[in-house]
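The values are calculated or read from the model by the stated rules, or taken from the named source; none is laboratory data. Small disclaimer: the values here were computed from a predicted structure and weren't measured. Methodologically, a virtual Cβ is constructed for each residue, glycine included, from the backbone with ideal geometry; neighbour enumeration extends over all protein chains shown.
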Amino acid sequence: MTPAVETRGLTRTYRVGRTGTATALDRLDLVVAPGEVHGLLGPNGAGKTTLCRILSTVLLPTSGTARVCGRDVVADASAVKHSVGIVFGGDKGLYGRLTARQNLTFWAALYGLRGRAGQRRVDALLHRCGLAERAGERVDTFSRGMKQRLHLARGLLAEAPVLVLDEPTAGMDPVAAHDFRALVGELRADGRTVLLTTHDMAEAAALCDRVSLIDQGRLLVTDTPAAVGSLVSRYDRIDAAGVPAALWTRLPDLPGVVATDRLDDGTCRISVEQGPAVGAVLGELVGAGVTRLRTDRPGLEEVYLHLIGDRGMAVRR
């Protein structure tokens, strides 16, 4: 099966000053299957947006190859443009003096969607993205979250098989972000491929079939969110509320227990070696009358902090 997105040795460098260079992507190899929701995670300046811009033919690679639905982004750029829907967000790309409906009608015409067919498509997307009630208002009166919805509607106009979403929920309120996540689920059900860049670890874990961690232009790891979470620890975690004081003092001495901590909300967190020790500790807790228990493994946020470190909020120069 032809991958929806495939890069081999993809590199992009920029000139810095008269003689210097900066590397945004460094020999990146990535394969995204058709119908997959794939998350791109990494700190600011990691190369995520550069990758999205190359896949959407906005930027040219310095070396290496990138293909969308089997077509080269350089040699067959025209066909790639019809295969990719782009949602970069922000204020750029919107016509503030026009209404939401007028913006979408204009873009629909650029895709060859005119007349009644174009209008039906515009109306459907205004409704689907929660803009129907504001369709006749000028875009420069919209909040940032409303503008993000309009960007999303624009990206869906051409019904492209691959949708690139660059920080799509930035500026959205929780209700709008929830609606967006439901929409991504609908797109997956439709067989669309979604490439999603995000800093929201919960969003990535909830939405993505697989995630790729990128740092300094290099691919660190690609796997399912659960599998990535297992990379940084050989331990399971048990969170328990209402642990009796007598048992709390004994927990560190139980076989397989490697650490005990109290969280800010008073919950006890016990790190236990994977295997029989987990069941033994759970048995001790239940036997002591503890009923509020949860077991899990490190999540995406912990993996991110472990692999990326304190560069997560830094802009790489």
Review point. Which members of region 268-300 meet the condition of being part of a loop (DSSP other than H, G, I, E, B) and either of a type in the set (Gly, Ala, Ser) or modelled with pLDDT of 90 or more (or both)?
Key: Gly275, Ala288, Gly289, Val290, Gly299
Study note, to complete from the structure: When restricted to Gly85, Gly93, Gly35, Gly64, the only residue in the same structural domain as Leu219 (by TED's automatic domain parsing), within 26 Å of Cys208 (Cβ to Cβ) and in contact with a helix residue (DSSP H, G or I) (Cβ under 6 Å, 6 or more places away or on another chain) is Gly85
Revision key, fill the gap. So, first residue outside the structural domain of Ile86 (by TED's automatic domain parsing) and of a type in the set (Lys, Arg) in region 144-172, second residue buried (at least 21 other Cβ atoms within 10 Å of the Cβ) and part of a strand (DSSP E or B), Cβ within less than 9 Å, six or more apart or across chains; the pairs are none
Exercise for review: Determine whether Thr13 is of a type in the set (Val, Ile, Thr), touching a strand residue (DSSP E or B) at 6+ places or on another chain (Cβ under 9 Å) and surrounded by 20 or more Cβ atoms within 10 Å (Cβ to Cβ).
Suggested key: no
Practice item. Given the conditions (1) surrounded by 23 or more Cβ atoms within 10 Å (Cβ to Cβ); (2) of a type outside the set (Lys, Arg); (3) in contact (Cβ under 8 Å) with a residue 24 or more places away in the chain, report the number of the one that Gly35 does not fulfil. Key: (1)
Review point. Are any residues in region 183-203 in a helix (DSSP H, G or I), of a type in the set (Gly, Ala, Ser) and at pLDDT 85 or above, and if so, which ones?
Key: Gly185, Ala189
Practice item. Output the qualifying pairs, or none if there are none: Cβ atoms under 7 angstrom, residues six or more apart or on different chains, first residue in region 69-91 and over 18 Å from Leu110 (Cα atoms), second residue surrounded by 16 or more Cβ atoms within 10 Å (Cβ to Cβ) and among the hydroxyl-bearing types (Ser, Thr, Tyr). Key: Cys69/Ser83; Arg71/Ser83; Val73/Thr57
